[in-house]
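Input: a single structure, listed below in structure tokens.
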Amino acid sequence: MLWTVVRMDARNVRAEVSAWLALLLLATGVTYAAWSGAAAVHADRQAVATALTEQQTRMRDLQVRLHAVQAGQKQATSTEDPSDPALVGSTLAAVWAVLPQLPLASVAVGQRDLAAARVRITTQGPSGRSLQSDRPMTGPTRLLTGAFDLAFVLVALLPLVIIVLTYDLLAGERERGTLALVLAHPVSLATFVLGKALQRGLLLGSVTLGLALLAVAATVDGPWTSDDAVRMLLYLGTLMAYVGFWFAAAVAINVRGQTSAGNALALIGLWLALVVIVPGIVQVAVQATHPPPSRVELVNLTRAAASEIEAELSDLQGNHGADGKGTPAQNAQAATERLVAVQVALEKRAAPVLQAFGTQLAAQQALVNALRFLSPAIVLQEALGDVAGNGGHRLQQFHSQVDEFGQRWRNFFFSRVSARQRLTVADYAALPQFVFREESLPALGTRVGAGLMGLLLPTLLLIGWAGVGLRRGVRVM
Amino acid sequence: MAPRSSVPPVLEAIGLRKTYGDVVALHGLDLSIAAGEIFCLLGANGAGKTTTIQLFLGFIPPTAGCVRILGQDVATHALQTKQHIAYIPENVMLYPNLTGLENLKFFTTLAGHGDLDRATLGTYLDRAGLAPEAAGRRVGTYSKGMRQKVGIAMAMAKGAQALLLDEPTSGLDPKGSNEFSRLLQTMSAAGVGILMATHDIFRSKEIGARVGIMKHGQLVACMGTEDLSHSDLERIYLEHMHD
């Protein structure tokens, strides 16, 4: 009986122009979003590749120059001395710490707009961290809407397509007069509604699943591991749960016995509340309870620190040897040591601000993690960000690891400055390397799984609510 | 009332009452319709005719009393009783994007006769008077009379033993109305018990074995039509309406 209803409804939906238009809109949105996401990811990869190529070339040149200086074939100038640990660590050998992109990166690119996914590491400035994003926001429209990526289409547009397909699930039958004829046959209202919802759910679910897979397949880049397969499953599982939530909401609202127009209004209202208003309120709540750390303050501090270092450096360079108490080489060494001391002092000064910055970001993310259950849209957005590798959690981990690496970098060079050692070819081979340590899959799975539960629970509640309505019966005529 | 026998009536209402808040829509209706009998229910708008049919269909629950189809209580055997009934409203509304044949296939499958092939279904449409070339056309292009015929074909294909009609000839032209009446008589002759709510006194006398007059939710008169003329019936009806 159920499949009879499913087959009949399939024939009806096939003949509905609005259904085709809605699916076409979804396909267009997914295609454009996939392209847009892939373009953003490609631009990131290009930027990283260019930076790493330049870094590789620079390192090779430094080592060649070091060979030449050591062999006496070339004279090292004070600004280009490849054996000077202070100079090399602060400018000449500056390296990039890069957050590697995952194969699903194009699914959700949002946070990469706001937080740098590659950081230039030097011994200068607070933590040696550049806070400039590599890919700034492009124009006021982008600033308003955020990235048009797959996550945006799935979170915001997909529910609208579901609404188009379901707002008149039962009300349409009543208004056309076919519900009375159907229910005069030995089929229960629950079977009829379930059959129709199942048909439309299967149709939209398979179209969404197909498009989501195609979008990823068309944009996936880089090696594919078993971890990525798990991420893919989490991505599709969460997406299907999101689709299920909206279908359950549509069925529950249809069972209330309103008109098609009333159902459409109720569903659009729900969409507005869950996709626009609640995320906005959560954002306000997060900002109000954990005010964002002042990036301006941090940038000013960085600039002030840099200026002071430059002033000190200039002062030292201008005065070394002028006091006439040592040889030029001794004076230069003394100046370098003072410079390191200044940097260390500045770092200490910046540490509380940086710590507050990190603590606030972590608190914000923790609050978002807790409040995400208020809206399925936030749950899906967070989950997509997580599986794409562009979520707040992974970015926080990246910056935390960058801080650790910056410390190792400084220690490497400052220890040599303090020990009055010059850099050798062996030192170049032993330069610290940044390798991002990924979050464990169980930890990711737990976080996304909790979100999945946060989608399934309201879905089950809606189904229960609809079930109560179906048992009570609906107005047939 | 129809005479009692060991065979349960096809349609039976016992002390049937339906209220909506303080409004009494149906006030203790007792009614029994035997196999092969056509019972016409006359009455003004709001008299309780449609409520009676909705109660037989199980669309609304009774406030008191019970409704039985072939001896089974509709309230406790909702799906079983619907295997035996067919319903034709004033406007048979079908799926406009499907053809007449596809609609018939869908509804007969819902009735548990999914094994009927297209040729057999075509025969039912033919017997109901639908032109063969129309059977393959989308129902969206059908006239009201054509949709009523598909409704009759559904009842025949389903093998319904009871037929519930709610003003089925309203809006049909005289020829269409006459054709429809002939189809009902054919079904009645085949043993189908028919309850028809109508405003059409002429048609009631023409095809009904008995006629009931409803007023304010009560069956105020019930009579056989055999010894009545059209004018007698009209007079009795108007007398009840003008009290």
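The values are calculated or read from the model by the stated rules, or taken from the named source; none is laboratory data. None of these values were measured; they are calculated from a predicted model. A quick note on method: Cβ atoms are made from the backbone with ideal geometry, for glycine too, and the neighbour counts reach across all protein chains shown. All accessible areas refer to the heavy atoms of the entire protein, side chains included, with ligands and DNA or RNA removed. Shrake-Rupley method; radii C 1.70, N 1.55, O 1.52, S 1.80 Å.
A few comments on the model shown:
- Residue list for the range A:392-411, restricted to those being out of contact with any helix residue (DSSP H, G or I) (no Cβ under 9 Å at 6 or more places or on another chain) and surrounded by fewer than 20 Cβ atoms within 10 Å (Cβ to Cβ): A:Gln397, A:Gln401, A:Glu404, A:Arg408, A:Asn411
- Checked against (1) over 19 Å from the mean Cα position of the chain (by Cα); (2) outside any loop (DSSP other than H, G, I, E, B); (3) not aromatic (Phe, Trp, Tyr), A:His393 passes all but a single condition, namely (1).
- Hits in the range A:180-210 - residues which are hydroxyl-bearing (Ser, Thr, Tyr) and either in contact with a Ser or Thr (Cβ under 8 Å, 6 or more places away or on another chain) or more than 10 Å from chain B (Cβ to nearest Cβ) (or both): A:Ser206, A:Thr208
- Residue that is most open to solvent (accessible area, probe 1.4 Å), among those in the range B:125-166 that are among the acidic types (Asp, Glu) and more than 13 Å from chain A (Cβ to nearest Cβ): B:Glu133
- Index of the failed condition, A:Gln73 passing every other in (1) farther than 30 Å from A:Ile162 by Cα; (2) modelled with pLDDT of 85 or more; (3) open to solvent by 90 Å² or more (accessible area, probe 1.4 Å): (2)
- Within the range B:72-82, being open to solvent by 40 Å² or more (accessible area, probe 1.4 Å) and either in contact (Cβ under 8 Å) with a residue 40 or more places away in the chain or more than 8 Å from chain A (Cβ to nearest Cβ) (or both) holds for B:Gln72, B:Asp73, B:Ala75, B:Thr76, B:His77.
- Evaluation of B:Thr63 against the conditions (1) open to solvent by 20 Å² or more (accessible area, probe 1.4 Å); (2) farther than 25 Å from B:Gly28 by Cα shows that the sole unmet condition is (2).
- Looking only at the range A:9-25, and only at residues there that are closer than 16 Å to A:Leu169 by Cβ and in contact (Cβ under 8 Å) with a residue 60 or more places away in the chain, the one that is farthest from the chain's Cα centre (by Cα): A:Asp9
- Checked against the criterion of being closer than 30 Å to B:Leu238 by Cβ and not aliphatic (A, V, I, L, M), the candidates B:Gln72, B:Gln54 yield just one match: B:Gln54.
- Residues that are part of a helix (DSSP H, G or I), within 14 Å of chain B (Cβ to nearest Cβ), among the charged types (D, E, K, R) and open to solvent by 90 Å² or more (accessible area, probe 1.4 Å) do not occur anywhere in the range A:55-64.
- Counting only residues that are β-branched (Val, Ile, Thr) and closer than 18 Å to A:Val425 by Cβ, the range A:73-107 holds 2 of them.
- In the range B:93-114, residue least open to solvent (accessible area, probe 1.4 Å) [restricted to those that are more than 7 Å from every other protein chain (Cβ to nearest Cβ) and farther than 16 Å from B:Ala134 by Cα]: B:Thr108
- Any chance A:Ala370 is part of a helix (DSSP H, G or I) and closer than 30 Å to A:Leu236 by Cβ: yes
- One residue from A:Ala49, A:Ala39 being among the hydrophobic types (A, V, I, L, M, F, W, C), away from chain B (no Cβ under 14 Å), over 25 Å from A:Ile121 (Cβ atoms) and exposed (fewer than 15 other Cβ atoms within 10 Å of the Cβ): A:Ala39
- All positions within the range A:1-28 that are open to solvent by 70 Å² or more (accessible area, probe 1.4 Å), within 14 Å of chain B (Cβ to nearest Cβ) and either among the hydroxyl-bearing types (Ser, Thr, Tyr) or assigned to a helix (DSSP H, G or I) (or both): A:Trp3, A:Arg7, A:Arg11, A:Arg14, A:Val17, A:Trp20
- Meets criteria (open to solvent by less than 10 Å² (accessible area, probe 1.4 Å), away from every other protein chain (no Cβ under 14 Å) and under 18 Å from the mean Cα position of the chain (by Cα)) for B:Ile38: yes
- Cβ separations smaller than 6 Å between residues 6+ apart or across chains give no pair from the range A:197-219 residues that are without any contact (Cβ under 8 Å) to a residue 24 or more places away in the chain to residues that are open to solvent by 60 Å² or more (accessible area, probe 1.4 Å).
- Test set (1) outside any strand (DSSP E or B); (2) farther than 21 Å from B:Val150 by Cα - B:Thr186 fails condition number: (2)
- Filter pass, B:Ala47 being in contact (Cβ under 8 Å) with a residue 12 or more places away in the chain and open to solvent by 10 Å² or more (accessible area, probe 1.4 Å): no
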